[in-house]
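Structure, as structure tokens:
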Amino acid sequence: MGIIHSPQDIQNSLLEWFLQNGRHWIPWKLKPDGSIPQPGETISPYEIWIAEVMLQQTQLKVVIPYWEKWMRVLPDLTYLAEADLENVLLLWQGLGYYARAKRIHQSSKILIEFVGKNKNDDQFLWPNGIDQWMSLPGIGRSTAGSIISSAFDLPTPILDGNVKRIFSRLLAIKRTSLKDEKKLWEYSHLLISTPCPRDFNQALMDLGSIICTPQKPNCSFCPLQNYCIAYTRYNPADFPGKAMTKKKPFQEIGIGLVFNKKGELLIDQRLESSSMGGMWEFPGGKKTPDELIEKTIERELKEELGILVKVGKKLLSFDHTYTHKKLNFTVHICELISGEPKPLASQKILWISPDKLSDFPFPAANTKIISELCNHLCLGDEKY
């Protein structure tokens, strides 16, 4: 079959597929009563904004329970703008990329001035322009387009990972250089000119998630196969070309779980200017070459907190991979020998009862430590 270049043919084929196969159950794409919005009808910009930021670098199935919990605790913009950052981070705990939560909190302060307090339900007060949304922290062009098309049903193009992959295959673009990126944006802008922009953008994302997947795309069930150059002339799995992957740097980290005579555990809060700023963690740091991990813990706690500790039993060791690096954490139980802890490399320190750990937002890597520590304490293996 030949390639048909009509945007209307692509739009119609995709929307017909979406009507039968789309993910119409996504909660933030529905009206308060659970029904599907009509064309041109506005639905909650607040709910969609929170969801779209959560979806950055995160799969839908992971986001939904976090979004539902968020909406129970912070149901509208006023609640969010008046919330403490620490409570926002606690709600975000486990989603990763914690800068997103901080940017949402920052943006709420800006949006509340625009929308007004206790006026979250007045959809006409919310911004619906691309430049307005892109002026907010952490909102790029594609996220802004998705918010606007989803909430207001306005024809605003998107180009997230799923859509970029679909267009790269439709046009047989092997690499996504800046020139190619511009071409993909132009194609998205061309196709969004439809009476149903909300459905069309969602259909693109659903197609990329269900059919036009990164590995082994299910082309025989794709409604766009007749229009896809990669399918008719090449192997769709070869598009877009894979980027060169660099080996992630590896670093060993020593962590000390410091207990005082009351059985309280020492935690510190990361500097706001640092990665994952505002999150809480257990003290420790990077191992130097040829240094025993026990010496690492002693040195780091002296440098960061001004205390001397006795490094005791090893609790656990595990790897944790971030987008840009791989870390190995080795965690030891420690006893405070001398010194009064001071936040020399953090913004705050606290002695807390171990059963209060869930009250504080910790980075994802710390959840393994907390889980193992809770098991350890319940078994009563040691006294501190």
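Values quoted throughout were computed directly from the atomic coordinates according to the rules given, and no laboratory measurement underlies them. Everything quoted here is computed from the prediction, not taken from an experiment. Note: ideal-geometry Cβ built from the backbone for every residue, glycine included; neighbour counts use all protein chains shown.
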Taking the mean number of other Cβ atoms within 10 Å as a proxy for protection, how do you rank 68-76, 206-214 from highest to lowest? 206-214, 68-76
Which shape class, rounded, prolate or oblate, goes with the chain when its Cα gyration tensor gives a ≥ b ≥ c as root eigenvalues, a/c under 1.5 marks rounded, and past that a/b bigger than b/c marks prolate? prolate
Rounded, prolate or oblate for the stretch 250-379? Axes are the square roots of the Cα gyration tensor eigenvalues, ordered a ≥ b ≥ c, and the cut-off for rounded is a/c under 1.5. rounded
Could you calculate the FRET efficiency of residue 61 with residue 291 from 1/(1 + (r/R0)^6), where r is the beta carbon distance between them and R0 is 45 Å, rounded to 0.05? 0.60
So for the pair residue 351, residue 109, with labels modelled 7 Å out along Cα→Cβ, what separation do we get in nm? 3.3
Place the peptides 85-98, 192-205 in order of packing, highest mean first, counting for every residue the other Cβ atoms within 10 Å and averaging per peptide. 192-205, 85-98
Could you tell me which residue out of 173, 156, 220 lies farthest along the dipole of the stretch 7-238 toward its positive end? Charges go on the beta carbon: Lys and Arg +1, Asp and Glu -1, centred on the Cα centre. 173
Which net charge results when you count Lys and Arg as +1 and Asp and Glu as -1 among the other residues whose beta-carbon is under 14 Å from that of residue 210? +3
Count the DSSP beta bridges whose two residues both fall in the chain, then state the antiparallel fraction as a percent rounded to the nearest 5. 70
Using helices alone, what [θ] at 222 nm do you get for the chain, with -39,500 (n - 2.57) per DSSP H run of 4 or more residues, divided over all residues and rounded to the nearest 500? -12500 deg cm²/dmol
